[in-house]
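What follows is a set of notes on a single structure, which appears directly below.
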Amino acid sequence: MAAQPRRNRVSDPDMSSPHIRKPVSVQREMFTVLLALVPGITAYVWQIGAGILVNLVLASLTALAAEALVLKLRARPVAITVTDGSALVTAWLVVLALPSIVPWWLTVLAVLVAIVGAKHLYGGIGQNPFNPAMAAYCAMIVAYPALMSQWPAIGNTDFTTQWHLILGGERAIDGLTGATALDAMRTGLRGHTDVTSILSSSAFGFVGGRGWEWIALGHLLGGLFLLATRTISWRQPLSFIIGLGLTASVFWLIAPERFPSPLFHLASGGAMLAAFFILTDPVTSSTTPRGKLIFAVGVGIIAWFVRTFGAYPEGIAFGVLLMNLCVPLIDRSTQPATFGQRKEKRP
Amino acid sequence: MSLPHLFRFPGGIQPDAHKKESSEQPIRPVPLPARLAVPLVQSSQGSARTIVTVGDKVLKGQCIGEAEGNAGTAIHAPTSGRVTEIGRYPMAHPSGLDTLAIVIEPDGEERWIAREPLDMASASHEELILRVQASGIVGMGGAAFPSHIKANSKIDTLIINGAECEPWISCDDRLMRERSADIVTGARILRRLTGARRVLIGIEDNKPEAITAMKLVVQAAADDGGEISVITVPTRYPTGGQKQLIRVLTGFEIASNQRSSSFGVQCFNVGTAHAVCRALVHGEAMVSRVVTVTGNVEHPGNYEVLLGTAVADLIELCVAKPGTERTLMGGPLMGFTLPRLDAPITKSSNCIIAASNTLFPPAPPEQPCIRCGSCAQSCPTGLLPFELYWSSRAKNYDGAVHYNISECIECGCCAYVCPAHIPLVDYFRFAKSEIRARNQEKRAADQARARFEARSARLERDKAEKAARLTAKAAETRAALAANKDAATDANDAALIAAAVARTQAQSQAQPPASGQNGGATPPEPSI
Amino acid sequence: MIGITLALGIALGYAAIHFKVEGNPLAAQIDALLPQTQCAQCGYPGCKPYAEAVASGAAEINLCTPGGDEGAHKLAELLGREFKPHGGPVVEKVKVVALIDEQTCIGCTLCIQACPVDAIVGAAKQMHTVIAPICTGCELCLPPCPVDCISLIAEPRTPQNWRWKYPVTGLKVVA
Amino acid sequence: MSYLFIVLGAVLVNNVVFVRILGLCPFMGVSKKHETALGMGMATTFVLTVASGTSYLIDHYLLVPFDLVYLRTLAFIVVIAAIVQLTELVIHKTSPLLQQVLGIYLPLITTNCAVLGIPLLSAGLGYGLLESLLFGFGSALGFTFALILFAGIREHLEGADVPVPFRGVPIAMMTAGFMSLAFMGFAGLDRFH
């Protein structure tokens, strides 16, 4: 017999193949998303005011603290999960979805609903069926409809005023708060004013709400960056734009005086934010190639109906939650065929 | 020659090749080790039966294990020497389990047994197939499927697999550069056996020297009217997988439950073609193979290694550098960590990698899956690995089956690209072996149920028959009694007596007399 | 109101008689989940009788020792009953088969009669042997053997029945 | 058009589970697997449609003419219980296939308050026969829809690392809450046709 053979380590962490890995990480993906949000936020600060920054800081701190606390209570690894950046992404999306002048406690509450309620009660990152940011937005708009429909007045970017409002100051002063373009359009249409005369009001710019168009453009830029770095799939953004745009186009062509143009819909509210940052959340979106298309088209269509006929000003969040519900069903029915079962043409 | 149309398979990855480390040195021989332990099981389908005993003198290439059954393949003495032991030795398997092996102590003479090349012109098909089996030829790409079975099918297209897509491995590359003539001869023999119309030799485009060498040989002998073509395929792991290469070259997609021969295609590794040539043209049985030794060693390269050589001997020869943590057999994507270094080189071991933590960093801690879908994009079989993971992790085997876990080829693409560093293949292997065990249990249970029911039915029947016999006997007795005593006695009395008699008889039949003096129990009736 | 009730009552009563259906497929479904070792450790003379007892509600779902907790879980799911852990000592699930020491065996056939799946062959005064692939390891042949020549041996581990471990991870294992 | 809106409104806008909060018992009980959810949904759809029609007939031709409207709840309970039993017996005898699909769910429907609630609602809304049938059918469809979606999510949650105190019913309740929240998005949609 040969000399006693050297044994490999038994408790090898690298149990089986593969023994090499691509240098990628969740962290990197999450921070790419955060980076891609910067253009939109910059446009926000430029057009609407720096008040949003206060809420961003507040939300980030709340999210990190809440996540760390929950992980600690559950005896799960804290450091690696808190630093993966997912909580920050959720927090920033919550802030971008809320009016930037909501009182500080509402931001904190929304972030807590998102991080604790919608994410960690389901087991944490990767396991939540509902988009945390959108769940929090819906919860807030149902619970505090008044506060959630007061947006900073366009043209008044004064930081002190916004600071004051965020700290919970008196809100019933005209000129400090306003309605969004979507709100103005809805109220106008329900008062039987036609689209053209609504659009001529000072609240509207080239295609959407004045100022808001620039933010949408910022998000579009960020989204294109994510597409270029292959962080997100093209499927959800494209099919969402088609879903919302096509529905809007059909009705707009039928009755242009009663329904605003598809461009208006795409440039208003959170359409661009949703297209590139919310629908592309891998955890709660459908995961099969065809499923992604169905998911995003569904959100687009629901968003248009809720915006046009519903009781709430913005329908995307509800659309996202509703389609989140359908994801298991969509995924199950769009499971791709495996190698050898595909219907691709054979030679 | 027109450029052939190539097809794509889904997914795939492009990791760093790391071929240069070992591919720039010619194939070198290995000094004779102190002992060679040749396992009896060297093919995926069957094993060999020992035909030597301890103490026998054997010659190089002498058969020491006969093919067992149709699917078995023979094994041969890798060198001349003496059989010192037939015992249990570790096998080249992730489990590190033992298997029966024949141990040979080399005498250092390397004396060949008389080599008997076949006359290719006159030999019949059956003779050739028998020789392939008797020479112990199995697939050398890793699957170790007996080649005589594959070669014995009628097909249209023969594919010679020289893709060698796994990083670090270069044994096929070297073989094609140095022994292209033998490979092409082997391919031609295989073509004759299978009756294939055309032969496609697929080589990945990161091996230009091999492509040139192979093309030269093919063009030099293009007069045999056969359509043999060397086809350059794009470098993309796992192109070297049999079904992936068939897809790339012919466009056929063969599902996991289908055989390539039913599509008129059969695929052999270049090493196998080479071995076929050696066995049939030169009369040399399979006793050695080319193995890449690379990674964290001083002298990486390709070596002609006798089967049964311990991995430890190879590592010693190539001198492991400090920092070598583990040793892998196979490539870094599909190979496994060897639990024991005294495991032998077998017919399917193509590569030994000394792994250090700098070359092969241990996986970072596993993070939760975020369902990003990178794995699904890279999966060459079009599976949804994140769903398989979700089910496997929760030990939900029905779910794993629903997402077609059996289709998984364990190529490792999904785990390679996973941003959450999840050892996906580990989960799939775990789930697969659990599912297999459960299926076996289920089959055993079904068999036991059938046997139990058959037994219960038999016991019932026996009881019924016995009861019937007793009733018949009682009736008989009653009739006899009635005849004997005429009508003198009351019918009632007769019935009572008959019943009593029947009872006694029944008792004596049910309980055999307790005959203690006989010693040992007397069985009541033979059992089946 | 009474009229309605009466009318419906009559209709139901008529239907109950008219549409009566026989048979209980539940026992078969339960039987399919049992491991079929026929070991009788549940107190019933085999898996099928136990299945019938469970189906009729006479037996608990946690009596099957070879099935263990996993089997009880499956039964609980099928029957919609509350899961109960297997009461007895938790045995490690290693497949065993009986082995007759052929030197000691006297050929009494008692074990042949005891075997529920006819896995032992032999005749009187002839040496007996166990057909290993059929043996369920139920141990029922052990007590009747007068010379204690039967032992249970663990099935040898081969690459075919070797199993990969559950991956060791930094995360807590989900039960 | 208005018939279509009755159905759509009952499915989405006034979903029987999420908005009317009826039928929660089977919603929580039979939603662990999508197969059973589908079976339960189909059985409920069948029974609820039939019950709506029958209840309308009983109400319109018996209770109203004889001025017995105060007995409505009682009468409906009896009728529904009888229908369920009758359906079960008939199916059991006539269609083994349907029995296999719906069999074990039928008795459970007797206790589904949605089956009582919907006929009572449609009686209260003054619907005619066709409208009652459609309303019953639509509501049941909404119930099925909710049940299947919920089952899909719950099946997925089987593998999730949910905190121990929240496993099972608590997290299911949470999920139902979020689903309810999502369906609130449809609020007001039925007013614009």
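The values are calculated or read from the model by the stated rules, or taken from the named source; none is laboratory data. Because the structure is a prediction, the values reported are computed rather than measured. Cβ: placed from backbone, ideal geometry, glycine included. Neighbour counts: every protein chain shown.
The residues of segment B:381-398 that are buried (at least 24 other Cβ atoms within 10 Å of the Cβ) and more than 10 Å from chain D (Cβ to nearest Cβ), listed by number, are B:Thr381, B:Leu383, B:Pro385, B:Phe386, B:Leu388. Just so you know, in segment C:130-172 the residues that are within 7 Å of another protein chain (Cβ to nearest Cβ) and farther than 30 Å from A:Ser17 by Cα include one that is surrounded by the fewest Cβ atoms within 10 Å (Cβ to Cβ), and it is C:Ile134.
State yes or no: is B:Leu359 within 29 Å of the chain's Cα centre (by Cα) and crowded, with 20+ Cβ neighbours inside 10 Å? Spell out the reasoning first.
Values: within 29 Å of the chain's Cα centre (by Cα): no; crowded, with 20+ Cβ neighbours inside 10 Å: yes.
No.
Flag set for B:Lys442, criterion: modelled with pLDDT of 85 or more and among the charged types (D, E, K, R). Taken over segment B:313-339, residues that are farther than 13 Å from B:Leu359 by Cα and of a type in the set (Asp, Glu) amount to 2.
Only one entry in A:Leu244, A:Leu217 is surrounded by fewer than 22 Cβ atoms within 10 Å (Cβ to Cβ), assigned to a helix (DSSP H, G or I) and either assigned by TED's automatic domain parsing to the domain that holds A:Ile198 or modelled with pLDDT under 95 (or both), namely A:Leu217.
Results for (1) closer than 17 Å to B:Pro344 by Cα; (2) surrounded by fewer than 15 Cβ atoms within 10 Å (Cβ to Cβ); (3) of a type in the set (D, E, K, R), shown as yes or no for each residue.
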| position | (1), (2), (3) |
| --- | --- |
| B:Leu59 | no, no, no |
| B:Cys63 | no, no, no |
| B:Ala67 | no, no, no |
| B:Gly72 | no, no, no |
| B:Arg88 | yes, yes, yes |
| B:Gly96 | yes, no, no |
| B:Pro106 | yes, no, no |
| B:Ile113 | no, no, no |
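Summed over segment D:149-175, the residues that are within 7 Å of another protein chain (Cβ to nearest Cβ), assigned to a loop (DSSP other than H, G, I, E, B) and of a type in the set (Gly, Ala, Ser) give a count of 2.
Number of residues in segment A:277-314 that are under 26 Å from A:Ile41 (Cα atoms), assigned to a loop (DSSP other than H, G, I, E, B) and away from chain D (no Cβ under 12 Å) equals 5. Taking residues in segment B:394-408 that are touching a residue at least 12 places away in the same chain (Cβ under 8 Å), and partners anywhere that are polar (S, T, N, Q) and surrounded by fewer than 20 Cβ atoms within 10 Å (Cβ to Cβ), the pairs with Cβ atoms closer than 7 Å and at least 6 places apart or on different chains are B:Ser406/B:Ser256; B:Glu407/B:Ser256. Restricting segment A:99-124 to residues that are more than 10 Å from chain D (Cβ to nearest Cβ) and touching an Asp or Glu at 6+ places or on another chain (Cβ under 9 Å) leaves a set whose member that is nearest to A:His164 (Cα to Cα) is A:Ile115. Residues of segment B:339-384 that are part of a loop (DSSP other than H, G, I, E, B) and of a type in the set (A, V, I, L, M, F, W, C): B:Leu341, B:Ala343, B:Ile345, B:Leu359, B:Phe360, B:Ala363, B:Cys369, B:Ile370, B:Cys372, B:Cys379, B:Leu383, B:Leu384. Among the residues of segment B:190-206, are any at positive phi, buried (at least 24 other Cβ atoms within 10 Å of the Cβ), of a type outside the set (A, V, I, L, M) and not in a helix (DSSP H, G or I)? The answer is no, given that none of the residues of segment B:190-206 is at positive phi, buried (at least 24 other Cβ atoms within 10 Å of the Cβ), of a type outside the set (A, V, I, L, M) and not in a helix (DSSP H, G or I).
If only residues of segment A:67-94 that are part of a helix (DSSP H, G or I) and within 14 Å of chain D (Cβ to nearest Cβ) are counted, the one that is modelled with the lowest pLDDT is A:Thr81. Candidates are the residues of segment B:137-189 that are hydroxyl-bearing (Ser, Thr, Tyr) and not in a loop (DSSP other than H, G, I, E, B); the one that is farthest from B:Cys351 (Cα to Cα) is B:Thr157.
From the list D:Phe76, D:Phe137, pick out the single residue that is more than 12 Å from chain C (Cβ to nearest Cβ), assigned to a helix (DSSP H, G or I) and at pLDDT 85 or above.
One residue alone meets the criteria, D:Phe137.
Restricting attention to segment B:245-254, does a residue exist that is away from chain A (no Cβ under 14 Å) and in contact (Cβ under 8 Å) with a residue 60 or more places away in the chain? No - not one qualifying residue is present in segment B:245-254. If you check A:Leu325 against the conditions, is it within 21 Å of D:Gly9 (Cβ to Cβ), within 12 Å of another protein chain (Cβ to nearest Cβ), hydrophobic (A, V, I, L, M, F, W, C) and touching a Pro at 6+ places or on another chain (Cβ under 9 Å)? So A:Leu325 passes the test. Is it the case, given these coordinates, that D:Leu63 is more than 13 Å from the chain's Cα centre (by Cα), crowded, with 20+ Cβ neighbours inside 10 Å and without any contact (Cβ under 8 Å) to a residue 24 or more places away in the chain? Taking the combined requirement at face value, the residue satisfies it. Contact map, segment A:192-213: residues that are assigned by TED's automatic domain parsing to the domain that holds A:Ile154 paired with residues that are surrounded by fewer than 19 Cβ atoms within 10 Å (Cβ to Cβ), Cβ distance under 9 Å, separation 6+ or inter-chain. No pairs are found.
Quick test for you: out of A:Leu165, A:Leu176, pick the one residue that is surrounded by 14 or more Cβ atoms within 10 Å (Cβ to Cβ) and at pLDDT 80 or above.
The unique qualifying residue is A:Leu165.
Scanning segment C:111-129 for residues that are surrounded by fewer than 20 Cβ atoms within 10 Å (Cβ to Cβ) and modelled with pLDDT of 85 or more yields C:Gln113, C:Ala114, C:Asp118, C:Val121, C:Thr129. Is segment B:127-135 home to any residue that is surrounded by fewer than 24 Cβ atoms within 10 Å (Cβ to Cβ), part of a loop (DSSP other than H, G, I, E, B) and in contact (Cβ under 8 Å) with a residue 24 or more places away in the chain? Taking every residue of segment B:127-135 in turn, none turns out to be surrounded by fewer than 24 Cβ atoms within 10 Å (Cβ to Cβ), part of a loop (DSSP other than H, G, I, E, B) and in contact (Cβ under 8 Å) with a residue 24 or more places away in the chain. The selection criterion, being assigned to a strand (DSSP E or B), out of contact with any His (no Cβ under 8 Å at 6 or more places or on another chain) and away from chain A (no Cβ under 14 Å), does not hold for B:Thr327.
Scanning segment C:114-143 for residues that are in contact (Cβ under 8 Å) with a residue 60 or more places away in the chain and in contact with a strand residue (DSSP E or B) (Cβ under 6 Å, 6 or more places away or on another chain) yields one hit, C:Gly137. Evaluated against (1) of a type in the set (Val, Ile, Thr); (2) over 23 Å from B:Gln25 (Cβ atoms); (3) more than 7 Å from every other protein chain (Cβ to nearest Cβ), B:Thr358 falls short on exactly one condition, (2).
In segment B:204-217, the residues that are over 13 Å from B:Val233 (Cβ atoms) reach residues that are surrounded by fewer than 22 Cβ atoms within 10 Å (Cβ to Cβ) with C-beta atoms within less than 7 angstrom, at least six apart or across chains, in these pairs: B:Glu209/B:Arg177; B:Ala213/B:Arg177; B:Val217/B:Ala181. Apart from one condition, B:Asn350 fits all of (1) farther than 30 Å from A:Met30 by Cα; (2) within 7 Å of another protein chain (Cβ to nearest Cβ); the exception is (2).
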